[in-house]
Amino acid sequence: MSPISDQLEDSPAARSAGAILSIDLDALAENYGILAGQAASGVGCAAVVKANAYGLGVDRVAPVLFAAGCRRFFVAQLAEGIQLRGLLPEAEVHVLGGVLPGLESDFLAHRLTPTLNSLGEIETWAGHARRQGQPLAADLHVDTGMRRFGLPPDELDRLAGEPERLAGIDVSLLISHLACAEQRDHPLNARQLGAFSQARDRLPRCPASFANSSGIFLGPDYHFDLLRPGVALYGANPTPDRENPMRDVVRLQGRIWQVRDAQPGETVGYGATYEVTGPTRIATMALGYGDGYPRALSSRGEVTVGGQAAPVIGRISMDSTTIDVSGLPEGQVRPGTLVDVIGPNNPIDTVAAAAGTVAYELLTHLGPRYHRTYTGG
Ligand SMILES: Cc1ncc(COP(=O)(O)O)c(C=O)c1O
């Protein structure tokens, strides 16, 4: 893990912003290389860029991944697929959500590969292939334990017994998704692997894809033909029990608006939930839950100023967060000072855990009000 550059854009827009979100596109490309490099040769590596590339901006992220060698991309929804097709005319674009009747021609018009998640969706797509008079590509998702998307076991049984249901469908990939991959020793991992391998043996042969970010680190048995990472590309730790092998991609800095002194007995913020017990210097930062900084971090979060920790005190408001800077040298925190909220000193997984959530949620909630600056790429 190496720190994000300290070089910050110094434009009027950046100077006036309440918070600055810096996204390191070189680190993103490097992370793609790290993940792709986990697999044996011959195993490909796709990128999951749904939800606006996990909040980081698919228009900036996807071209960088393509330039880094990625040719296969996954999104969740048809509209995301259409947007991505506009960004990457030459990439394979796979849509994890199924194909609803009436939307088949949109997939074709934009050269998108749908994921068929049920016998009903197989029938819809096969019917469209018949009407088109040509085989149509699709991925097939079998449910091996998530109980969310994919053919449930009884539908898999029926499909295995009646493979003619797939007539006219050119199955590009057989996929499934791990429920507990980040918990290396969770027994469901091996059970899902067994179920996936069995499903593969029972269906017409085609390439297979199983491993998300954490699944990649469960070892080569989980790799099959195509890795399918998302969150690790964006810097989250896919191996929570070990050091993060990924580079930081995101740095979020909040700007101090006001600094004030409070006396013992005074309280801070809405609900007066935090009482000052000694002379305290409080700095108010211009970002809050309206920007996606979780309210759950009220009196729990920690930020850093010049590498020194400062705790969040009181409730986080919509537009602001109060921090205790009493321990910092006089004059180090002034109106205009930038405070590190997420970044090398404040790993996204640590911030997420303190808020009782996961990096996925923090990333996808990064607010539209931040001044966004992209470096590298
Ligand atoms: C079907 C599927 N594959 C792959 C991924 C990528 O997972 P991760 O972000 O954990 O790497 C996701 C993300 O939710 C997914 O739903």
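Annotations
- Cross-chain or 6+ apart pairs with Cβ under 7 Å, region 328-345 first and touching a residue at least 60 places away in the same chain (Cβ under 8 Å), then of a type in the set (Ser, Thr, Tyr) and crowded, with 21+ Cβ neighbours inside 10 Å: 341/293
- On the stretch given as region 322-377, residues that are under 20 Å from residue 280 (Cα atoms) and either within 16 Å of the ligand (Cβ to nearest atom) or not acidic (Asp, Glu) (or both) total 16.
- Condition check for residue 76: surrounded by fewer than 19 Cβ atoms within 10 Å (Cβ to Cβ), under 18 Å from residue 150 (Cα atoms) and within 16 Å of the ligand (Cβ to nearest atom): yes
To keep it simple, each residue is scored yes or no on (1) surrounded by 16 or more Cβ atoms within 10 Å (Cβ to Cβ); (2) assigned to a loop (DSSP other than H, G, I, E, B); (3) touching a strand residue (DSSP E or B) at 6+ places or on another chain (Cβ under 8 Å).
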| site | (1), (2), (3) |
| --- | --- |
| 271 | no, no, no |
| 352 | yes, no, no |
| 360 | yes, no, no |
| 372 | yes, no, yes |
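- Residue count for region 36-61 under the criterion of being within 15 Å of the ligand (Cβ to nearest atom) and modelled with pLDDT of 95 or more: the result is 17.
- Residue within region 252-264 that is under 27 Å from residue 70 (Cα atoms), in contact with a Lys or Arg (Cβ under 6 Å, 6 or more places away or on another chain) and in contact (Cβ under 8 Å) with a residue 12 or more places away in the chain present: no
- Output for region 179-212, where each listed residue is away from the ligand (no atom under 16 Å from the Cβ) and part of a helix (DSSP H, G or I): 187, 190, 191, 194, 197, 198, 200, 201, 202
- Scan of region 298-342 for residues that are of a type in the set (A, V, I, L, M) and in a strand (DSSP E or B), ordered by number: 303, 305, 309, 310, 312, 323, 338, 339, 341, 342
- Selection from region 184-207 of residues that are surrounded by fewer than 21 Cβ atoms within 10 Å (Cβ to Cβ), closer than 22 Å to residue 73 by Cα and hydrophobic (A, V, I, L, M, F, W, C): 206
Here is a yes/no grid of residues against (1) within 12 Å of the ligand (Cβ to nearest atom); (2) assigned to a helix (DSSP H, G or I):
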| position | (1), (2) |
| --- | --- |
| 214 | yes, yes |
| 221 | no, yes |
| 224 | no, no |
| 229 | yes, no |
| 232 | yes, yes |
| 236 | yes, no |
| 243 | no, no |
| 248 | no, no |
| 251 | no, no |
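Quick grid of which residues meet (1) among the polar types (S, T, N, Q); (2) away from the ligand (no atom under 13 Å from the Cβ); (3) in contact (Cβ under 8 Å) with a residue 60 or more places away in the chain; (4) closer than 27 Å to residue 193 by Cα:
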position: 107; (1), (2), (3), (4): no, yes, no, no
position: 117; (1), (2), (3), (4): yes, no, no, yes
position: 120; (1), (2), (3), (4): no, yes, no, yes
position: 127; (1), (2), (3), (4): no, yes, no, no
position: 131; (1), (2), (3), (4): no, yes, no, no
position: 136; (1), (2), (3), (4): no, yes, no, no
position: 145; (1), (2), (3), (4): no, no, no, yes
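- Scanning region 121-146 for residues that are part of a helix (DSSP H, G or I) and surrounded by 15 or more Cβ atoms within 10 Å (Cβ to Cβ) returns 121, 122, 124, 125, 126, 128, 129.
- Residues (within 20 Å of the chain's Cα centre (by Cα) and part of a loop (DSSP other than H, G, I, E, B)) located in region 12-56: 37, 38, 46, 49, 55, 56
- Of residues in region 99-126 being touching a Pro at 6+ places or on another chain (Cβ under 9 Å) and of a type in the set (A, V, I, L, M, F, W, C), the one nearest to residue 72 (Cα to Cα): 107
- Qualifying positions in region 253-269 - in a strand (DSSP E or B) and small (Gly, Ala, Ser): 254, 262
- The residue that is nearest to residue 376 (Cα to Cα), counting only those in region 57-101 that are in contact with a Ser or Thr (Cβ under 9 Å, 6 or more places away or on another chain) and outside any strand (DSSP E or B), is 81.
- Boolean, residue 233 is within 15 Å of residue 46 (Cβ to Cβ), surrounded by 23 or more Cβ atoms within 10 Å (Cβ to Cβ) and touching a strand residue (DSSP E or B) at 6+ places or on another chain (Cβ under 8 Å): yes
The values are calculated or read from the model by the stated rules, or taken from the named source; none is laboratory data. Every value quoted in this text rests on a predicted model; they were computed, and no experiment measured them. Neighbour counts are summed over all protein chains in view; Cβ atoms, including those assigned to glycine, are modelled from backbone coordinates with ideal geometry.
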